[in-house]
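Data block below; observations after.
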Amino acid sequence: MTARRVAPRRPPLPVLIPAAIGVALMTVPFVGLLSRTPWGELGSLLADPFVAAALRLSVVTSLAATAISLLIGVPMAWLLARARFRGRALLRGIILLPMVLPPVVGGAALLFALGRRGLVGQWLDRQLGILLPFSTWGVIVAATFIAVPFLVITVEAGLRSADLRFEEAAATLGASPLTVLRRVTLPMAWPSIAAGAVLAWARALGEFGATITFAGNLEGRTQTMPLAVFQALESDRDAAIAISLVMVAVSLAVLVALRDRWFRVG
């Protein structure tokens, strides 16, 4: 039996007016960006070495951050969704903390932990010769730190909504915990894992505060697209607009593609 669809009603004026103001507030800035876009020069602007280097670095570092987020984020999400232990709420809060912290605070925390004189960074430098700040790997670490909570919270929600009876049936039939995870749990959670990975990638692609604090803004080495926009606004507005337009298009595409993960579309 199909649910009866309710005919759409005309919104009352006290709802319509503030909603229209809100839509205008969210839309006008992007219209302003489009109105200033030099469409005739867009191709040459994006092919400029300064812009191309930032685009290339952003793609490489965001994909690397997404891969690392998957590697560590899915196990963390499983732990939060399936395991029962004291302090789980505190652990979840720590894992998700970068979502609500100002990114520059996250970058400062990374610097104090992984910098040359940081808690762990001094050991990495002295024992292994690894120096993360002001390097491409520093960009990847900063992007991962900010992006991984978005994957964890998405995958955890997917695992919590999965039907546990399938996992219990597989275990009853003699499947090992690893087999249950590989053959039952992960396939059921795959839509959430894919959604979380795309969301983490989009967040890594747009990361600014933690990156500039921890990795700096070195052209061709740590200067991603958001950092290039920041620099270009002072010298080349057209290049800044071109890069901004690319990031808006990518972000909008991600949000539209993931709409069914958050709400049902009629």
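Tabulated data
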{"quantity": "Unmet requirement for GLY73, which otherwise passes all of (1) closer than 30 Å to MET188 by Cα; (2) without any contact (Cβ under 8 Å) to a residue 40 or more places away in the chain", "calculated": "(2)"}
{"quantity": "Per-region count, segment 211-240, residues over 22 Å from the mean Cα position of the chain (by Cα), in a helix (DSSP H, G or I) and surrounded by 15 or more Cβ atoms within 10 Å (Cβ to Cβ)", "calculated": "4"}
{"quantity": "Given (1) closer than 19 Å to ALA83 by Cβ; (2) in a loop (DSSP other than H, G, I, E, B), number of the condition LEU151 does not satisfy", "calculated": "(2)"}
{"quantity": "Search result, residues across segment 158-180 that are assigned to a helix (DSSP H, G or I), among the small types (Gly, Ala, Ser) and surrounded by fewer than 18 Cβ atoms within 10 Å (Cβ to Cβ)", "calculated": "SER161, ALA169, ALA171"}
{"quantity": "Conditions (1) within 27 Å of MET26 (Cβ to Cβ); (2) touching a helix residue (DSSP H, G or I) at 6+ places or on another chain (Cβ under 6 Å); number of the one not met by ALA253", "calculated": "(2)"}
{"quantity": "Helices (runs of 4 or more DSSP H) enclosed by segment 1-108 - at least 3 residues per element that are among the hydroxyl-bearing types (Ser, Thr, Tyr) and within 27 Å of LEU233 (Cα to Cα)", "calculated": "49-82"}
{"quantity": "THR185 vs. criteria among the hydroxyl-bearing types (Ser, Thr, Tyr), at pLDDT 85 or above and closer than 22 Å to ALA89 by Cβ", "calculated": "no"}
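The values are calculated or read from the model by the stated rules, or taken from the named source; none is laboratory data. Quick caveat: nothing in here was measured; it's all calculated off a predicted structure. Here the Cβ is made from the backbone with ideal geometry for all residues, glycine too, and neighbour counts use every protein chain on show.
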